[in-house]
Amino acid sequence: MNDRSLLMIPGPIEFEPSVMAAMAVKTPSHVSPEFIEVFGRALTNLRHVFLAPEGQPFVVAGSGTMAMEMAIANCIEPGNHVLVVGTGYFSDRMQRLVEIYGGQATQVKSALGTVPSLAEVEQALQKQTFQAMTITQVDTSTGVRAPVKELAALAKKYNALSIVDGVCSVGAETLHQQAWGVDVALTGSQKALGVPPGLGIMMCSQLAIERWKARTQAVRSMYLDWGQWLPIMKAYENRQPAYFATPPCNLILALDVSLQMLVAEGMEARFSRHQRLADAFRDALYHMNLKLVAADGYQANTLSAVYYPDSTGPALVGAMNRHGIQIAGGLHPEIKQRYFRIGHMGSIHPNDVVACLFALAQSLASVGCPVDTAGLLPRLQSKLTS
Ligand code: PMP
């Protein structure tokens with residue numbers, strides 16, 4: 001039998017067969033008219049996905065971390081002050097990047113599983129001038145979602161650029177980049193955009209580009225410099241050949257197919273599908289007496305981080321694997337051994353949620369923690385179809 005296991009880690013995710021098929025072709029020249037057309041269309045479609053009609057898209061070979069680094073390298077000058085909204089492992093990574101590029105980072109920390117309050121963030125903004133604020137929309141280490149709209153409004157009020165790490169959220173969690181005044185939003189291809197790993201993707205506001213143009217010091221990187229990439233992105237959108245560094249052509253063919261599917265689904269429909277599936281998933285977890293790492297009101301729709309019941313532990317991940325579902329262990333250093341993570345984003349189907357939950361019940365039983373599944377199916381049915 002074919003490999004029927006489901007990949008339900010928080011990225012990479014299951015990809016659509018049509019996306020995979022788009023890659024399995026003879027590699028086109030990056031300056032051929034056919035490829036230029038595809039790349040140009042993908043860039044334009046990204047504006048629909050980020051809901052940023054006047055945004056400037058960038059698509060560059062690399063992972064989500066490369067996109068984070070590109071944002072910091074271009075938006076931060078040595079000596080700049082940056083407020084990091086602390087939500088876990090990936091906001092710590094943002095802080096480290098700010099420091100590497102000579103910025104002074106101040107992190108407003110929050111209790112595990114929560115986000116700093118708007119009042120705490122505003123207090124920090126009142127204490128000194130910050131050139132930028134970083135926000136991790138969904139911290140994949142805890143499954144916590146930050147209120148980007150409200151935080152970006154605070155950044156604007158205090159004249160700081162807002163930089164949103166949307167690696168685990170863009171394409172699934174509500175983001176109205178332009179209406180919310182988010183200056184830079186970034187992601188990697190392998191999560192809710194539904195394309196194999198290898199593309200760093202970002203959308204910048206015109207304000208972010210103006211601030212970058214007004215820099216007094218050169219960007220301290222060649223590959224990450226917007227100055228290298230801006231003419232290339234503009235050329236592709238204008239259907240002109242251009243070269244700075246070779247794009248991963250086959251991945252861009254796949255991106256084009258996936259973005260067309262996102263646009264056809266519609267972003268609002270996509271956001272609410274993720275909300276509905278995540279609500280149903282969480283409801284079933286509570287029914288099984290499982291506890292989430294993210295506190296109520298902060299739970300992401302792209303993944304769930306769940307504590308192992310007392311009597312089990314990381315053995316559950318192996319048991320799930322044997323039941324055909326690949327899930328991830330913990331990542332946040334404070335609780336790494338105490339929880340697991342399940343991704344539910346992208347082309348996730350209600351049947352995947354059902355399969356995952358029943359595998360979870362069987363796996364829990366097999367590691368000595370039977371759970372009550374009576375009544376689960378009708379409950380799921382009403383939630384998944386509501
Ligand atoms: N930020 C967040 C929120 C992430 O979830 C990840 C990946 N898990 C990254 C950044 C880094 O992305 P990558 O692993 O593609 O470098």
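The values are calculated or read from the model by the stated rules, or taken from the named source; none is laboratory data. Small disclaimer: the values here were computed from a predicted structure and weren't measured. Cβ placement follows ideal geometry from the backbone for every residue including glycine, while neighbour counts extend to all protein chains displayed. For accessibility, only protein heavy atoms count, side chains too; no ligands or nucleic acids. Shrake-Rupley method; radii C 1.70, N 1.55, O 1.52, S 1.80 Å.
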Single condition Leu51 does not satisfy, out of (1) on the phi > 0 side of the Ramachandran plot; (2) within 16 Å of the ligand (Cβ to nearest atom): (2)
In the stretch 141-164, the residues that are in contact with a helix residue (DSSP H, G or I) (Cβ under 8 Å, 6 or more places away or on another chain), open to solvent by 10 Å² or more (accessible area, probe 1.4 Å) and of a type outside the set (Gly, Ala, Ser): Pro147, Lys149, Glu150, Leu154, Lys157, Tyr158
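Go through Gly62, Gly88 for me and flag whichever is crowded, with 23+ Cβ neighbours inside 10 Å, on the phi > 0 side of the Ramachandran plot and within 16 Å of the ligand (Cβ to nearest atom).
Values: Gly62 fails: crowded, with 23+ Cβ neighbours inside 10 Å.
Exactly one residue qualifies, and that residue is Gly88.
For the stretch 76-84, state whether one or more residues are open to solvent by less than 30 Å² (accessible area, probe 1.4 Å), acidic (Asp, Glu) and more than 16 Å from the ligand (Cβ to nearest atom).
Filtering the stretch 76-84 for residues open to solvent by less than 30 Å² (accessible area, probe 1.4 Å) gives 76-77, 80, 82-84.
Filter once more, so that each one left must be acidic (Asp, Glu): 77.
Restricting the remaining residues to those that are more than 16 Å from the ligand (Cβ to nearest atom) gives 77.
Yes; the residues of the stretch 76-84 include at least one that is open to solvent by less than 30 Å² (accessible area, probe 1.4 Å), acidic (Asp, Glu) and more than 16 Å from the ligand (Cβ to nearest atom).
Buried (at least 19 other Cβ atoms within 10 Å of the Cβ) and not in a helix (DSSP H, G or I) - does that describe any residue in the stretch 220-230? Reasoning before the result, please.
Taking the stretch 220-230 and keeping what is buried (at least 19 other Cβ atoms within 10 Å of the Cβ), we get 224, 226, 229.
From the residues that got through so far, the ones that are not in a helix (DSSP H, G or I) too are 224.
Checked against the condition, which is being buried (at least 19 other Cβ atoms within 10 Å of the Cβ) and not in a helix (DSSP H, G or I), the stretch 220-230 yields at least one hit.
Rundown of residues vs (1) away from the ligand (no atom under 11 Å from the Cβ); (2) within 25 Å of Arg282 (Cα to Cα); (3) part of a loop (DSSP other than H, G, I, E, B); (4) in contact with a strand residue (DSSP E or B) (Cβ under 7 Å, 6 or more places away or on another chain), yes/no style:
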| site | (1), (2), (3), (4) |
| --- | --- |
| Asn159 | yes, no, yes, no |
| Val167 | no, yes, yes, yes |
| Leu175 | yes, yes, yes, yes |
| Val182 | yes, no, yes, yes |
| Leu186 | no, no, no, yes |
| Lys191 | no, yes, yes, no |
| Gly194 | yes, yes, yes, no |
| Met202 | yes, no, no, yes |
Subset of the stretch 349-377, residues open to solvent by less than 20 Å² (accessible area, probe 1.4 Å) and either of a type outside the set (A, V, I, L, M, F, W, C) or under 25 Å from Ser189 (Cβ atoms) (or both), comes to Val353, Cys356, Ser363
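Residue by residue, here is whether (1) away from the ligand (no atom under 16 Å from the Cβ); (2) aliphatic (A, V, I, L, M); (3) on the phi < 0 side of the Ramachandran plot holds:
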| position | (1), (2), (3) |
| --- | --- |
| Ala22 | yes, yes, yes |
| His30 | yes, no, yes |
| Phe35 | yes, no, yes |
| Glu69 | no, no, yes |
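Check Glu99, Glu69 and return the single one that is farther than 19 Å from Arg341 by Cβ, in contact with a helix residue (DSSP H, G or I) (Cβ under 8 Å, 6 or more places away or on another chain) and open to solvent by 30 Å² or more (accessible area, probe 1.4 Å). Even if it seems obvious, please write down each step before you answer.
Working: Glu99 fails: in contact with a helix residue (DSSP H, G or I) (Cβ under 8 Å, 6 or more places away or on another chain).
Every option except Glu69 fails the conditions.
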